[in-house]
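The values are calculated or read from the model by the stated rules, or taken from the named source; none is laboratory data. Here the structure is a predicted model, which means the values were calculated and not measured. Backbone-built Cβ (ideal geometry, glycine too); neighbour counts: all protein chains shown.
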Amino acid sequence: TGPLLKLNNGVEMPALGFGTFANEGSKGETHKAVVHALNAGYRHLDCAWFYQNEEEVGSGIRDFLSQNPSVKRSDIFITTKVWNHLHEPEDVEWSLKDSLKKLQTPYVDVFLIHWPIASEKNADRTVKIGSDGKYVINKSLTENPEPTWRAMEKLYNEGLTRSIGLSNFTEKGIESLLKYATVKPSVNQIEIHPFLPQQPLIEYCLSKSIIPVAYSPLGSQDQVPGTGEKVSTNKDLIVIAEKNGWSLAQVLIAWGLKRGYSVLPKSSNESRIKGNAKLVALSDEDFEAVNNVAEGRWTRFVNMKDTFGYDVWPEESK
Ligand code: A2P
């Protein structure tokens, strides 16, 4: 369902993807959501080692494929990501192989660095947490992720992933990585919705043949600081949806697709999973109306200092 986007190495990625991050509720929820999504026609699944549900994604894919023999593994585009404490080269390899085992697949379609932050691990490969309760940062690999990228390139050259890419990187980090990358990043997955429109970073990525991929395209993570204003209750957006007889989610998905990147709506509800896959096209007038809602909003990511104990983008702090 939906258009295909061509990555810079020729691999094709369905523009509409299904996010699996939200489905960490009860056991079995991710499995069900993935089967619903594949039945609804999604052929792009966004996963991550960190989500701790890749076994359920894997069994969901397996069950769907066994019930639908006309669909092959190669018809599905699968993303996974390496978490912060696994940026050392041997851990990058371990992480991808662990994800492949859980996903029950010999390869993924794109393997991403989840955050441009490297942190320390314990002897048992768990995240090391400092006395302040935050991740213990590996400064050297954070400031220079070249060894991590080399490990990603090796896995690409070995065929364990059909492309490699980034997530949550800003222009500065991409620029320095491009200086030494022999395999160019194919995508940069970032939060994008009308309250975080990311126009400058989107333009930068596209100018470098890196396709932006939008997480939280429905705006679930964001609200205007200090106001509580939410994408999901924005009156101007609701008017556009109602006028056309669409859901607000359909409007937001259409806006992302029209801007030229991939979108990853997520849901654990069967009818919303199906409804979000019913793609609609925004008229130029409605597209402009959503752009107007996005006008003048934040242009940077949330400050991750509170979560990871490290400000990834101090130069961009507001
Ligand atoms: P639910 O799982 O109950 O459907 P985002 O992709 O921006 O992170 O948004 C995901 C959130 O939006 C989830 O909480 C999901 O809840 C909700 N959601 C997904 N699709 C729709 C929809 N069509 N209408 C309303 N809420 C939706």
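Values as computed for the structure displayed
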item	result
Some residue of the range 225-234 being of a type outside the set (S, T, N, Q), in contact (Cβ under 8 Å) with a residue 40 or more places away in the chain and more than 9 Å from the ligand (Cβ to nearest atom)	no
Subset of the range 250-268 that is of a type outside the set (Gly, Ala, Ser), away from the ligand (no atom under 12 Å from the Cβ) and closer than 12 Å to residue 282 by Cα - its residue that is surrounded by the fewest Cβ atoms within 10 Å (Cβ to Cβ)	258
Unmet criterion (only one of (1) among the hydroxyl-bearing types (Ser, Thr, Tyr); (2) within 8 Å of the ligand (Cβ to nearest atom); (3) at pLDDT 95 or above; (4) surrounded by 20 or more Cβ atoms within 10 Å (Cβ to Cβ)) for residue 247	(4)
Residues located in the range 97-144, provided they are among the polar types (S, T, N, Q) and at positive phi	104
Out of 167, 216, sole residue that is modelled with pLDDT of 95 or more, within 16 Å of the ligand (Cβ to nearest atom) and within 19 Å of residue 83 (Cβ to Cβ)	167
Selection count where residues are under 29 Å from residue 63 (Cβ atoms) and charged (D, E, K, R), scope the range 88-124	6
Verdict on residue 126 being more than 26 Å from residue 12 (Cβ to Cβ), of a type in the set (Val, Ile, Thr) and touching a helix residue (DSSP H, G or I) at 6+ places or on another chain (Cβ under 9 Å)	yes
Tally of residues being of a type in the set (Asp, Glu), surrounded by 21 or more Cβ atoms within 10 Å (Cβ to Cβ) and farther than 19 Å from residue 191 by Cα across the range 1-51	0
Which listed residue is surrounded by fewer than 19 Cβ atoms within 10 Å (Cβ to Cβ) and modelled with pLDDT of 95 or more, from 155, 178, 141	178
From 162, 150, residue being more than 19 Å from the chain's Cα centre (by Cα) and either within 24 Å of residue 21 (Cβ to Cβ) or touching a residue at least 24 places away in the same chain (Cβ under 8 Å) (or both)	150
Matching strands (runs of 3 or more DSSP E) fully within the range 180-280 where at least 3 residues are touching an Asp or Glu at 6+ places or on another chain (Cβ under 8 Å) and within 28 Å of residue 145 (Cα to Cα)	211-215
Selection from the range 269-282 of residues that are over 22 Å from the mean Cα position of the chain (by Cα) and either within 14 Å of the ligand (Cβ to nearest atom) or exposed (fewer than 14 other Cβ atoms within 10 Å of the Cβ) (or both)	271, 281
Residue count for the range 1-53, restricted to those that are basic (Lys, Arg), over 18 Å from the mean Cα position of the chain (by Cα) and not in a loop (DSSP other than H, G, I, E, B)	1
